[in-house]
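To keep things clear, I will list the structure first and then write my remarks on it.
The values are calculated or read from the model by the stated rules, or taken from the named source; none is laboratory data. Source: prediction; values computed, not measured. Using ideal geometry, Cβ is built from the backbone for each residue, glycine included, and neighbour counts are taken over all protein chains shown.
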Amino acid sequence: MIYFYNNSGTSSGPFTKDQLKGKIANDTLVWHEGLTDWTIAAQIDDLKDILNVIPPPLPTQEKIIKIEASIKKEKLEYINENAQSKIASEIKTLFYVAIIATIIGIIGYFIKSDSKYSKLSQELKMYDNERAKNSLGLNGKAWEIAVSTWHNKNREREHMLEESVKNYGCYFSYNFSETAMNITEVLPCLETKSSAVNGNAFSYALKLSLVSLLALAAMRYVFFASKWVAKKSV
């Protein structure tokens, strides 16, 4: 639709609705095809959305103070919520970092600990049980033959066990009546040596976990610091 308006006693136009924006006020006389006479703009429904909106009276000083206080309160609540969210996220991240450091420590423990002791102890006990069963119920010449035969068959096995035990700094004493290795003194020695190794492994694991925790946390904060510096330098 084409409009004309009263510009200080002069008819100005034609204008489209969009072109009238900023040119007319509520009391400006306007005419368009279909009107019998000039009409103030405020009475033309099609123009109400482009008329200058008159703001309401300014609030009193007391109301301004209340509005500012409300804005500050909302801002503080937002900051607190945001801070709490960041703290919760940071705690969660550090928890995962601690789990990773613990896993690294556990892996270090298994690497350094004595995993061979249990297997060697079982092999020694099995050796001793088999040796005892071999001559069970025999005496005299039959016992001597059984013992001699069994040891001849197990020389290589005895040698391997003896070398494995020596690796722990333990040594067999021999039962000369049977020319057999006596394990009653070896097992406590192996247990003592193994406990010492495992104790050192545990200390190593604790140190490794702590160092891993500090390193991972430091890497995280260095990463965020570098991002912050890069952002500030832009």
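Yes/no matrix, rows are residues, columns are (1) in contact with a strand residue (DSSP E or B) (Cβ under 6 Å, 6 or more places away or on another chain); (2) farther than 30 Å from residue 215 by Cα; (3) hydroxyl-bearing (Ser, Thr, Tyr); (4) not assigned by TED's automatic domain parsing to the domain that holds residue 213:
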{"residue": "70", "(1), (2), (3), (4)": "no, yes, yes, no"}
{"residue": "90", "(1), (2), (3), (4)": "no, no, no, no"}
{"residue": "103", "(1), (2), (3), (4)": "no, no, no, no"}
{"residue": "123", "(1), (2), (3), (4)": "no, yes, no, yes"}
{"residue": "126", "(1), (2), (3), (4)": "no, yes, no, yes"}
{"residue": "140", "(1), (2), (3), (4)": "no, yes, no, yes"}
{"residue": "145", "(1), (2), (3), (4)": "no, yes, no, yes"}
{"residue": "149", "(1), (2), (3), (4)": "no, yes, yes, yes"}
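Inspect all residues belonging to segment 2-18 and state whether any of them is over 30 Å from the mean Cα position of the chain (by Cα), at negative phi, of a type outside the set (Ser, Thr, Tyr) and loosely packed, with under 10 Cβ neighbours inside 10 Å.
yes
Take the conditions at pLDDT below 80 and part of a loop (DSSP other than H, G, I, E, B) and apply them to residue 52. Does it pass?
Criteria met by residue 52.
Can you tell me which residue within segment 165-186, out of those that are among the small types (Gly, Ala, Ser) and more than 18 Å from residue 133 (Cα to Cα), is modelled with the highest pLDDT? Spell out how you get there, then give the answer.
Looking only at segment 165-186, we keep the residues that are among the small types (Gly, Ala, Ser), and these are 169, 173, 177, 180.
When the remaining residues are screened for being more than 18 Å from residue 133 (Cα to Cα), the result is 169, 173.
Numbers: 169: 79, 173: 66.
Filtering first and then ranking leaves 169.
Mind checking which residues of segment 110-132 are more than 15 Å from residue 186 (Cα to Cα) and of a type in the set (Ser, Thr, Tyr)?
113, 115, listed by residue number.
With the structure loaded, tell me whether residue 22 is free of Cβ contacts under 8 Å to residues at least 40 places away in the same chain, within 13 Å of residue 51 (Cβ to Cβ) and assigned to a loop (DSSP other than H, G, I, E, B) or whether it fails that test. Give the derivation first.
Details: free of Cβ contacts under 8 Å to residues at least 40 places away in the same chain: yes; within 13 Å of residue 51 (Cβ to Cβ): yes; assigned to a loop (DSSP other than H, G, I, E, B): yes.
Against the criterion (free of Cβ contacts under 8 Å to residues at least 40 places away in the same chain, within 13 Å of residue 51 (Cβ to Cβ) and assigned to a loop (DSSP other than H, G, I, E, B)), residue 22 qualifies.
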